[in-house]
Amino acid sequence: MTDERPLVKRHAWPVRVWHWWNAVVVIVMLMSGLMIFNAHGRLYWGQYGANTDPAWLEIGSTADSGYLKVGAVQVPTTGVLGYWQDSTGAVQRRAFPGWATIPSGYSLSAARRWHLFFAWLLVVPGVLFWLWSFVRGHVRQLTPTRNELAPRHVLADIRNHARLRFPAGQAALKYNILQKLSYFGVIFVLLPGLVLTGLAMSPAMDAAWPWLLDVFGGRQSARSLHFIAMALLAAFIVVHLLMVVLAGPYNEIRSMVTGWFRLPPERADAKAEEVA
Amino acid sequence: MSILTRRAVVGAGLAGAGLLLPGCDRLDQSPAFRETLRLGERVSMGAQRLVSDRTALAREFDGGDISPVFRSNGTRVPGGTDYAALMADKFANWRLRVDGMVARPLSLSLAQLGAMPVRSQTTRHDCVEGWSAIGRWTGTPLKLVLDATGVRNTARYLVFHCADLYGASPYYESIDMIDALHPQTILAWALNGRMLPVENGAPLRLRVERQLGYKHAKYLMRIEAVASLAGVYGGKGGYWEDSNDYEWYAGI
C-alpha cells in the first residue's frame, strides 16, 4: 500500500546538521557540567559565595540520607542526589550520581576538560547557525507574532497540545506558538545565556569583558543562572523527546534527518484550526 | 506503516544513553583522546589572550563586598619542622629566594619586601571547584622584584616553590611572563589589613588575579625563572597539574 499523503520539505540542512551535532554536544555539556557542580554543590547570589555564606540551593547529605535544599524547602533525595550508591555499591556523597555525569567517577579535572573542549563545539557552530538564521530568515519563522502571543491563542494551543491534537495539513508546516516560544527561547535566549554566564565564571574573561559581571550581577550569580539555564534546557530536552514520540517518531525523525516530512491530512472536525 | 515503533525509538534512546557513559569513561582512558580534549585549554588561552589586553585588570571591589570569612583551602598549616621554626619567630628568619635565569639572585626578608612600593587590591578569589571569596590583598608587585633581580629575557616562566608538602610532593605553581608582569600580580603579605594568616599562606603568597585559585601559590619560599617547565618536578607546571591532570592555564 502506498502512502498518498504528500512528502514535503520541512527542515533546511543547517537546521538538521546543527540539530544532530547539538544532540551530542549539549548532552556532553550537561553531563560534564553536572560533574563540575559536584565539586561544590552549593549556589549563591552575588559577587562571592563559599561554604560559610548563605546558599540558595544546596545538594548535600546527612549521615544516611541525601537532600536538595532550595531556599527554606528541603526535599529528601536519598539514592539520587547527595547520597547514592555507585556501580560497585559504595555510598557516594557527591550531588549528582555517576549515571548522570561525565566522567561517571568523581574527577573535576576530567569534567572540566570535556566541558571546556565541547564548549567550543557548541559555540562555533552555534554562532554560524545564528548568522544563518538571521541571514536566511529562520529567525522570522521562530518569532511569535502579536496575535499568537494573545493569551487566548496561547491557551488554546496549550489545550490542543494537552489533548495531543497536533497541527495537521498546512498548519503542520509552520511552527505553532508553543514551538516558537520553546525553540526561540532555547536558540536565542538559553544557549547564548549559558555561554555568557559560563564566560562570566572565567576570571580572565571578567578582566577582558568586565560588563559580564554587571550584566549577571557577579560571578556567583552567573554560576546560579548557568545552573538554572541548564535545568531549563534539560527540561526542554525531556519535553521535546516526549513530543517527538507522541507526534509520530518515524515521521519526525525522518524530517530532521532527510528534511522530508509526510504531511498529516486535515482533520475532518478541524478543531485544531481554532488556534490558527 | 512505520518501521520504527514508539517503543523501539524510546528503547534505542535509552540504550544510546546507556552506551554513552561507559563510552565516555573509556575514551577518558585513552591518552590520545585526553590530548585532543586538552586542545580546549590551548584554544581558550589563545582566545582569551586575543580578546584581552595584557594589562586588563581584574575587577576591584569596594570594602563592602569583602567576604565575611575568607575560606582557606588546600594546606591550612604546612607540616615539618622547618616551617614550624619559621612560624615560631613570626617569619623573622624567613627569606624568599629569587634565582634561576636572573642576573642577580636575591634573598629577600619580609621587611625588605615591605620596604618596596606596595599595592593593595580588593579582588575575587575563584576556586576551580566553583566558590568565590573576596578579600583585600596587600603586597609587593612581582614586576618590581623581577626588575631588581634582572630576569633574563630568555626566561619564559616563573616557578613558585612552596613550603607545603602533599605527601612527599612539594606544592608548586608556575605562570608565564605575561601574567608575571601584570600590574595586579603581587606577592601578598597581608589579607584584609592584617598580616597574612597561616591558613591563607603566610608569610607570602602569589596573587595572579586573572586565573583560578590553584595558581595562587601559598607559603612561598623560592621564585625560579626558567626557560621551560619540562624539567621542573612532574613537568606540567604545577602540583595539581602533575598529580591530578588539571590544566596549566587556569583563566577559565
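The values are calculated or read from the model by the stated rules, or taken from the named source; none is laboratory data. Every value quoted in this text rests on a predicted model; they were computed, and no experiment measured them. All Cβ positions, glycine included, derive from the backbone under ideal geometry; neighbour counts span all protein chains shown. The protein model used for the area step is the full one, side chains on, heavy atoms only, and it has no ligands, DNA or RNA in it. Shrake-Rupley method; radii C 1.70, N 1.55, O 1.52, S 1.80 Å.
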*In peptide A:48-59, what is the residue-averaged number of other protein chain Cβ atoms found within 10 Å of each Cβ?*
5
*Which value, in debye to the nearest 20, describes the size of the charge dipole of chain A about its Cα centre when Lys and Arg Cβ atoms bear +1, Asp and Glu Cβ atoms bear -1, and nothing else is charged?*
480
*Can you give the angle from 0 to 90° between the axis of helix A:219-247 and the longest principal axis of chain A, with both taken from C-alpha atoms, to the nearest 10?*
40
*asked:* Over chain A, how many pairs of lysines fall under 22 Å by alpha carbon, counting only those 8 or more apart in sequence or from different chains?
replied: 4
*Post the alpha-carbon centroid distance, the stretch A:165-199 to the stretch B:111-171, in whole angstrom.*
48
*222 nm [θ] for chain A, helices only, -39500 (n - 2.57) per DSSP H run of 4+, per residue, to 500?*
-16500 deg cm²/dmol
*Peptide A:194-204: average number of partner chain Cβ atoms within 10 Å per residue?*
5
*Chains B and A: what accessible area do they bury, summed, in square angstrom to the nearest 100, with a 1.4 Å probe?*
4400
*Loop-located trypsin sites (Lys or Arg not before Pro) in the stretch A:99-171 whose Cβ has at most 16 other Cβ within 10 Å (DSSP)*: A:ARG136, A:ARG146, A:ARG163, A:ARG165
_the protein assembly as shown - accessible surface per residue (Å², probe 1.4 Å)_ = 47
*Between B:MET87 and A:TRP56, how many nm apart are label points set 7 Å from Cα along the C-beta direction?*
3.9
*Placing +1 at every Lys and Arg Cβ and -1 at every Asp and Glu Cβ, with all other atoms neutral, what dipole size does the protein assembly as shown have around its Cα centre, in debye to the nearest 20?*
920
*asked:* List the lysines whose Cα sits under 26 Å from the Cα of B:LYS215, skipping any in the same chain fewer than 8 residues away.
replied: B:LYS90, B:LYS143, B:LYS236
*Answer with one residue from A:LEU178, B:THR123, A:THR197: the one whose Cα lies farthest towards the positive end of the charge dipole of the protein assembly as shown, charges on Cβ with Lys, Arg +1 and Asp, Glu -1.*
A:LEU178
_Is the C-alpha gyration tensor of the stretch B:160-227 telling us rounded, prolate or oblate? Criteria: a/c under 1.5 is rounded; beyond that, a/b larger than b/c is prolate, otherwise oblate._
oblate
*Mind checking the full-extension length gain between A:ILE158 and A:ALA12? Use 0.36 nm per residue of separation minus the Cα-Cα distance, one decimal, nm.*
49.9 nm
*asked:* Between 0 and 90 degrees, rounded to the nearest ten: what's the tilt of helix A:13-38 against the longest Cα principal axis of chain A?
replied: 20
_As I understand it, the value is the acute angle between the Cα axis of helix B:31-51 and the longest principal axis of the Cα atoms of chain B; what does it come to in degrees, rounded to 10?_
60
*Carbon and sulfur together cover what percent of the accessible area of chain B at a 1.4 Å probe radius?*
58
*Inter-label distance, nm, simple model (7 Å from Cα along the C-beta direction), A:SER87/A:TYR106*: 1.9
